[in-house]
Amino acid sequence: DIQMTQSPSSLSASVGDRVTITCRASQSISSYLNWYQQKPGKAPKLLIYAASTLQSGVPSRFSGSGSGTDFTLTISSLQPEDFATYYCQQSYGHPLFGPGTKVDIK
Amino acid sequence: EVQLVESGGGLVQPGGSLRLSCVASGFTFSTYWMSWVRQAPGKGLDWVANIKQDGSEIYYADSVEGRFTISRDNAKNSLSLQMSSLRAEDTAVYYCAKLVVVTATYWYFDLWGRGTLVTVSS
């Protein structure tokens, strides 16, 4: 099995802050890493696939990078609607999803 | 509008059965793999099962193998999940999701329904 970790597990930030979330896989997954945003009571939403490709309609303040085992999701300037939980996901093995990073208001 | 709408959730006793449904609209359902993903209250996302366009390939998480059955009816743009021998740990919101399969080892979920809550309790 592949183990996925995310750090931090939670963070507090202010509107306008630059936020970086890290996802690490226990073995190489090439660039096959995806990011989702989930707001309370809502379904997850795909933000980024293939580590760095922005899904259609997702604001350009979101970006992704990385390959192999280490990946990052960056929000360049946090907006009020970005307070949510973020999950990384791979499909090489199970479990698929990281444990999540909750971003809340400072 | 492109959307997935789940139904069929509810309260069921341990050992009981329940059938979830998902109706797709706004895209050509028959040309996509589909999936079920669940989320226990206050917990993270947990993949349940995938089904190929024509139903010829099906994959399950170890935790549900032998108890859950995923199926689809392309004529009705619908996806189903038959759940039996339910346990308390199956309590979750169940999401229907459209899958983009790039390779056998690379796939992702690009459209999700709002989910339906299944509660397993006596």
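Output the number of residues of the stretch A:54-79 satisfying the condition of being farther than 22 Å from A:S91 by Cβ and in a loop (DSSP other than H, G, I, E, B). Break it down into steps so the answer makes sense when it comes.
Step one: of the stretch A:54-79, the residues farther than 22 Å from A:S91 by Cβ are A:57, A:59-61, A:74-79.
Adding the requirement that they be in a loop (DSSP other than H, G, I, E, B) leaves A:57, A:59-61, A:76-79.
Number of matching residues: 8.
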Every listed condition ((1) of a type outside the set (S, T, Y); (2) at pLDDT below 95; (3) open to solvent by less than 40 Å² (accessible area, probe 1.4 Å)) holds for A:A50 save (2)
All conditions in (1) touching a Gly at 6+ places or on another chain (Cβ under 8 Å); (2) more than 28 Å from B:Y94 (Cα to Cα); (3) surrounded by 13 or more Cβ atoms within 10 Å (Cβ to Cβ) are true of A:S77 except (3)
Residues in the stretch A:9-20: is at least one over 19 Å from B:T103 (Cα atoms), touching a residue at least 40 places away in the same chain (Cβ under 8 Å), of a type in the set (A, V, I, L, M, F, W, C) and open to solvent by 70 Å² or more (accessible area, probe 1.4 Å)? yes
Among A:G41, A:G57, the single one that is under 30 Å from B:Q3 (Cβ atoms), within 12 Å of another protein chain (Cβ to nearest Cβ) and modelled with pLDDT under 95 is A:G41
Selection over the stretch B:24-69 where residues are under 10 Å from the mean Cα position of the chain (by Cα), under 18 Å from B:L111 (Cα atoms) and of a type outside the set (D, E, K, R) yields a count of 9
Picking from A:G57, A:G68, the residue that is open to solvent by less than 60 Å² (accessible area, probe 1.4 Å) and among the small types (G, A, S) would be A:G68
Scanning the stretch A:80-93 for residues that are touching a strand residue (DSSP E or B) at 6+ places or on another chain (Cβ under 7 Å), at the interface with chain B (Cβ under 9 Å from one of its Cβ atoms) and either assigned to a strand (DSSP E or B) or surrounded by fewer than 17 Cβ atoms within 10 Å (Cβ to Cβ) (or both) gives A:T85, A:Y87, A:Q89, A:Q90
Going through (1) open to solvent by 50 Å² or more (accessible area, probe 1.4 Å); (2) farther than 25 Å from B:V101 by Cβ; (3) touching a residue at least 60 places away in the same chain (Cβ under 8 Å); (4) in a loop (DSSP other than H, G, I, E, B) one by one, A:P40 fails only at (3)
When the stretch A:62-89 is checked residue by residue, the ones that are within 14 Å of B:G44 (Cβ to Cβ) and either touching a residue at least 60 places away in the same chain (Cβ under 8 Å) or polar (S, T, N, Q) (or both) are A:T85, A:Y86, A:Y87, A:C88, A:Q89
Among strands (runs of 3 or more DSSP E) entirely within the stretch B:1-103, at least 2 residues that are among the aliphatic types (A, V, I, L, M), open to solvent by 60 Å² or more (accessible area, probe 1.4 Å) and in contact (Cβ under 8 Å) with a residue 60 or more places away in the chain occur in none
Within the stretch B:104-122, the count of residues that are out of contact with any Asp or Glu (no Cβ under 9 Å at 6 or more places or on another chain), part of a loop (DSSP other than H, G, I, E, B) and either more than 10 Å from chain A (Cβ to nearest Cβ) or surrounded by 15 or more Cβ atoms within 10 Å (Cβ to Cβ) (or both) comes to 2
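The values are calculated or read from the model by the stated rules, or taken from the named source; none is laboratory data. All values reported here derive from a predicted model rather than from experimental measurement. A quick note on method: Cβ atoms are made from the backbone with ideal geometry, for glycine too, and the neighbour counts reach across all protein chains shown. Note: areas computed on protein heavy atoms with side chains; ligands, DNA, RNA excluded. Shrake-Rupley method; radii C 1.70, N 1.55, O 1.52, S 1.80 Å.
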